[in-house]
Every structure is written in C-alpha cells, then in structure tokens.
Amino acid sequence: MSTNGEYATTIGPDAVFKGDLEFESGARVLGRIEGTVSSKGKILIAEGSECTATVTARDVSVEGVLTGNVEAGDRISVAPTGQVHGDIQAARMTMAEGATVNGFCRIGVAAGGKGGGGGGRGAAASPGDGKATGNGQARSDSEQEAKPTAKATAAAKR
Amino acid sequence: MIRRRPAGPRPIHCYLCGHGFDVPARAMSTTCPACNKAIQVEDVVVKSYLPVTDLQTCGRISVTARGRVAAKRVRGGGGIDCDGAIEGSIETEGVVVLGPKASWKGPVLRSRHLEIADGARLEGRIEVPRRRDGE
C-alpha cells in the first residue's frame, strides 16, 4: 500500500466525478470516476473504487475495478484485488496473483512500433509458414531439443 | 541433462476437455478417460525455432532464451515458462511466466495467472484468469 505522501490529491470514497480530471502529480482515487484521468505522476485506483475511465499517467496502480483503457508511460501494477477491463499500453506491467486483466495489452512495445513477436531475433514468421510435425503436434520431449527443419531454419534466417 | 520426475502418479488436466486425472510420473502420452482423445502429458522444452500448428501438452512448456515458437495455439496444462519468443495463442490452466527477454505476440493469452518480468514484451489480448467457455 502506498503512503499518502506519494499522492497530492485524494478523491474520497463518497465522491462521484464525471468528466475530465488532470493532475500534475500523483492522485489516489477511492471514489468513482467516469470520464478521463490524466497525470504526470502516479494514479492509484484504490480498493473498493470502481472507475469507468480512460487513464493516462506515468504509473498506474489498480487495486479496485477499472473499466477503460490505460496508457502508462512507465508501469502498470494490478494488485490481487485489482481488475482492469480494457486495453493496456505500458512499458512494464506487474500482475499479482488473483488480479484480473481482460483486454488488449501492449507491454514493452513502443507505440506504433513493431510487435514483440520477433523479440529482436529476426523477422516474425506467421504460424502458417512453419511445418507442423507429424499430425500437427509438436514433436518434442523433456530431454531433447526440438530439432528445426532445414526449411524452418531458412525461414528463421529470413 | 536428465530430468528427474517425482515418483508416483501426477495429476493432470486434459487440455481438450479440462478433465482432471492422474497419470504415471513417467507417462509421455495417454488417453483422456472423459473425452477419449489422445493427449500428450510430457514436459516440453523448446530450445530453438519451432514452427508448428499446435503445441500442446498437459505438462509444462519451457521456451529457453534461444527458443522460438511460431504456432497457431500453444497449450501447456502445467503452465508455460518463456525466456524466448512465442507467437500464437496461449492457453493454460497454470501460470504463464515471461522472463525479462521474453516476447509474446498472439491473438489471445488465457491463463490462471501471468507473471511478467521487466523487459518482457507482450502484444495481444489477455484474459487472466482464464474463463472456460460458458463462464
């Protein structure tokens, strides 16, 4: 749990806010917000809070229920009680056991950049490019390395 | 390196129907008593490029740093450890662990829990915890 000092603003548990909220630094939301929230610091959706909002901040922590898209410049953290129903874009993400996330996520991938499928190890190949072994199942075992076919290796090099 | 399994039966869940039952510790494949389908139960380690249609097992799937899976669907009943790259849908009853240099790109990732190390790259729809059809 974060300390109060980290957050210059607190939206109380009995507050209901509809509209656009903009914070210069951190904010802690205990009540309900419908609209958009943006901050240059950290936004905490506290436990018990239910927000239907688009959140844009450097750090976003979700301990309550957030329905809407999240754009975190640095990190999004979802606590065990936290639920995010919406799309997430962030540089890093932390999920505690029990956390709920349901939406399209783009983590560690620069906005507008190429996807992470390649992981910097060459061009991404689509599943259709490869040849399934046997009856479509991967042929592999616990002790031996999966042998790439010549075709697969060539595809990887491309 | 020889991997040692604990002696005695181990519990698994069929990746096709979700039925839970025990198999011998050294079993590599079996038939699900509920859906009567042949299923793989061994652990899978991917150390290089592996293009397949479906990569599925009731055991654990590990993708090493040099491993790369390009599949339509990856199902690991015992969970999935990834230090390399996976492209394709991931479905597991267990935990998906993405290491700091791991990347995943796929239509959807469904798991009980997801651990993401700093530096990991993800792109796709995430449903955690996973919901079975009808839930």
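3J(HN,Hα) along the stretch B:61-66, derived from phi through the Karplus expression 6.51 cos²θ - 1.76 cosθ + 1.60 where θ = phi - 60°, amounts to 10, 10, 10, 6, 4, 8 Hz, with x in place of Gly and Pro. By accessible area, using a 1.4 Å probe on protein heavy atoms only, chain B has 50% of its surface on carbon and sulfur. Model label sites at A:GLU22 and B:SER29, defined 7 Å from Cα along the beta-carbon direction, differ in position by 6.2 nm.
Near A:VAL101, once Lys and Arg are set to +1 and Asp and Glu to -1 for all other residues with Cβ below 13 Å from its Cβ, the sum equals +2. Between chain B and chain A, the total buried accessible area stands at approximately 4000 Å², from heavy atoms with a 1.4 Å probe. Summary value for the stretch A:54-116: 27 percent relative contact order, contacts being C-alpha pairs under 8 angstrom separated by 6+ residues.
So how far, in whole Å, is the C-alpha centre of the stretch B:26-103 from the one of the stretch B:109-130? Using only Cα atoms, the two centres lie 15 Å from each other. For the stretch A:1-79, calculate the relative contact order in percent as a whole number, restricting contacts to Cα pairs under 8 Å that are 6 or more residues apart. Value for the stretch A:1-79: 21 percent. Near A:THR52: Cβ cut-off under 10 Å, other residues only, Lys/Arg at +1 and Asp/Glu at -1. The net charge is 0.
Each 5 Å bin from 0 upward holds the following percent of the Cα-Cα pairs of the stretch B:16-70: 5, 18, 25, 21, 14, 13, 4, 1.
Looking at the square roots a ≥ b ≥ c of the eigenvalues of the Cα gyration tensor of the stretch B:27-135, which shape do they give, rounded for a/c under 1.5, prolate if a/b is larger than b/c, or oblate?
Numbers: a/c = 1.87, a/b = 1.30, b/c = 1.43.
Taking the square roots of the gyration eigenvalues as a ≥ b ≥ c, the stretch B:27-135 is oblate.
Quick one: work out the % antiparallel among DSSP beta bridges in the stretch B:1-131, nearest 5. List each step's numbers first, then the result.
Values: 7 of 44 bridges.
Approximately 15 percent, going by the DSSP bridge assignments.
Extending 7 Å from the Cα toward the beta-carbon at both B:PHE21 and B:ALA117 defines two label points whose distance is 3.7 nm. If you take all other residues with their beta carbon under 13 Å from the beta carbon of A:SER38, and give Lys and Arg +1 and Asp and Glu -1, the sum is -2. Scanning residues 5 or more positions from A:SER38 or on other chains, those with amide H under 5 Å from its amide H are A:LEU21, A:GLU22, A:PHE23, A:THR56, with H placed 1.01 Å from N in the peptide plane. Lys-Lys pairs in the stretch B:5-135 that are eight or more residues apart or on separate chains and whose Cα atoms lie under 21 Å of each other come to 5.
Starting with the highest mean, order B:14-21, A:57-64 by the number of other Cβ atoms within 10 Å, averaged over the residues of each peptide. Can you show the working numbers first?
Details: B:14-21: 16.4, A:57-64: 23.6.
Going by the mean number of other Cβ atoms within 10 Å, highest first, we get A:57-64, B:14-21.
Scanning chain B for cysteines with no neighbouring cysteine C-beta under 4.7 angstrom from their C-beta gives B:CYS58, B:CYS82.
Under the criterion of Cα pairs below 8 Å and six or more residues apart, the relative contact order for chain B equals 14 percent.
The values are calculated or read from the model by the stated rules, or taken from the named source; none is laboratory data. Note that the coordinates shown come from a computational prediction; the quantities given were computed from them, not determined experimentally. Note that we place each Cβ from the backbone using ideal geometry, even for glycine, and neighbour counts take in every protein chain shown. Each accessible area value is taken on the protein alone, full model and side chains, heavy atoms only, with ligands, DNA and RNA left out. Shrake-Rupley method; radii C 1.70, N 1.55, O 1.52, S 1.80 Å.
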